[in-house]
There are 2 protein chains.
Amino acid sequence: MGAVPRTLELFYDVLSPYSWLGFEVLCRYKNIWNINLQLRPTLIAGIMKDSGNKPPALLPRKAQYLRNDIRLLGQHVQVPMQFPKDFFSVILEKGSLSAMRFLTAVNMEHPEMLEKVSRELWMRVWSRDEDISEPQSILAAAEKAGMSTEQAQGLLEEISTPKVKNKLKETTEAACKYGAFGLPVTVAHLDGQTHMLFGSDRMELLAHLLGEKWMGPVPPAINAKL
Amino acid sequence: MGAVPRTLELFYDVLSPYSWLGFEVLCRYKNIWNINLQLRPTLIAGIMKDSGNKPPALLPRKAQYLRNDIRLLGQHVQVPMQFPKDFFSVILEKGSLSAMRFLTAVNMEHPEMLEKVSRELWMRVWSRDEDISEPQSILAAAEKAGMSTEQAQGLLEEISTPKVKNKLKETTEAACKYGAFGLPVTVAHLDGQTHMLFGSDRMELLAHLLGEKWMGPVPPAINAKL
């Protein structure tokens, strides 16, 4: 296609399993659809606070449903998701502040590495039930994604600088301005219109808005590679 | 296909716009997939009370999102949805008790009319912003669906009987036992396994579980008729 690619912004946090699903689906389609995908590391705790929303898992019946939903969607979308054993400690106590500041630094200094490092952090917390809050955990993910120890160490030192902290705050505020009350949020910029789509289950609607073809969560070209 | 059709139960309330989307999509697929679709009129207020969940529109940012989401999904799914002007009065004050008792009576006495009468009630409340709580509103929907005045009047008289009241309670309790915290809920019975899917956005996952083909919310055979 000769047309200018449409910009899609994906606001995500690695603490959010539905963000992982949305992320993988859009990463698969970014070379199939005529889009320019911009990954935006965001702090989900900031979105919850600003919107007044509560994590769904605080309602027991939703928590029970989430476990099953994540298992079924993981199989369908072909993302190896597993619920962490101590879900509440991982999500509510440990959180993702350092991890998301690290991804913010990656995005500022080495944007070409952002997709891979994000995925390795999800692999830790949402697949292998490993920590993502300690410095060595973040370094391990960065190295697994292909960064050198020195490079990863350098970025890790930057996460306590105002530059990185403010950038993560700005991105989180931008998501809130689009109306976010959770993550993932996909913002599609189309012919002067802006559409904010919440969750990982609006991708077929997104295709419809883009005038592109929806071929399921695992499009055939990708399926051959998996 | 010679195989025995799989039973799907759709728990819904006409107060719920996402129930309407799920209902139309499953009604379109019921003659395409090898399924036996059972429509289950349910009281959403009962589900909210039992699960401790709150209507999403009580959070201002979710309410704002819902309006847009319903508009976009209505276009995509080809269901003529319009937000009622006084949303809170319609949803939280007037509610759907009489309408859902009426649909329960329809299901007990004239199950062949349930799909059409349900659709006409949705057309009133979620398309034309008309009342569904007064007796004459319910009668108008039933007549539009093809019932005679006498037939509709007879069913309306039954909605205050213990038989009908208890049946609606039982159905609502059955949804709660499956883990419902909102509507619609689709329960798929497959090879001795039971899957409960919440919302109107798990239909592609449902196709995957059934081993059937997902052809979008408006499958081609239906598209030709619309």
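Values for this structure:
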read-out	value
Inter-chain Cβ neighbour average for residues B:62-68, partner chain, 10 Å	4
Largest to smallest principal axis extent of the C-alpha atoms in the protein assembly as shown, angstrom	82, 47, 41
Cβ-placed point charges (K, R +1; D, E -1), dipole of chain B about Cα centre in debye, nearest 20	520
Inter-label distance, nm, simple model (7 Å from Cα along the C-beta direction), B:A57/B:E173	3.0
Within-12-Å neighbourhood charge of A:E212 [Cβ basis; K, R +1; D, E -1]	+2
Per-copy distances of the B:T7 label point, shortest first, in nm (7 angstrom along Cα→Cβ)	5.3
DSSP-assigned coil residues among trypsin sites (Lys or Arg not before Pro) in the stretch B:13-98, each with at most 14 further Cβ atoms within 10 Å	B:K85
Loop-located trypsin sites (Lys or Arg not before Pro) in the stretch A:109-153, at most 15 other Cβ atoms within 10 Å (DSSP)	A:R128
Share, in percent, of DSSP beta bridges within the protein assembly as shown that are antiparallel, nearest 5	60
Shortest-first nm distances, B:E150 label point to equivalent points in other copies (7 Å, Cα→Cβ)	9.4
Centre separation in Å (Cα based) which lies between the stretch A:98-142 and the stretch B:77-140	49
Selection of chymotrypsin sites (Phe, Trp or Tyr not before Pro), the stretch B:1-62, meeting DSSP coil and at most 10 other Cβ within 10 Å	none
Percentage of interatomic Cα-Cα distances in the stretch B:31-208 larger than 21 Å	54
Cα centroid separation - the stretch B:147-204 against the stretch B:1-36, whole Å	12
Antiparallel bridges, percent of DSSP beta bridges restricted to chain B (to nearest 5)	60
Average beta-carbon neighbours from other chains, 10 Å sphere, peptide A:194-202	4
Positive minus negative residues near A:I47 (Lys, Arg vs Asp, Glu; Cβ under 15 Å)	+2
Neighbourhood charge, 9 Å Cβ-Cβ cut-off, centred on B:E120 and excluding it, Lys, Arg +1 and Asp, Glu -1	+3
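Taken together, the values in this text are just the output of simple stated rules run on the coordinates, not laboratory data. Computed from a predicted model, the values in this text were never measured in an experiment. Cβ atoms come from the backbone with ideal geometry, glycine included; neighbour counts cover every protein chain shown.
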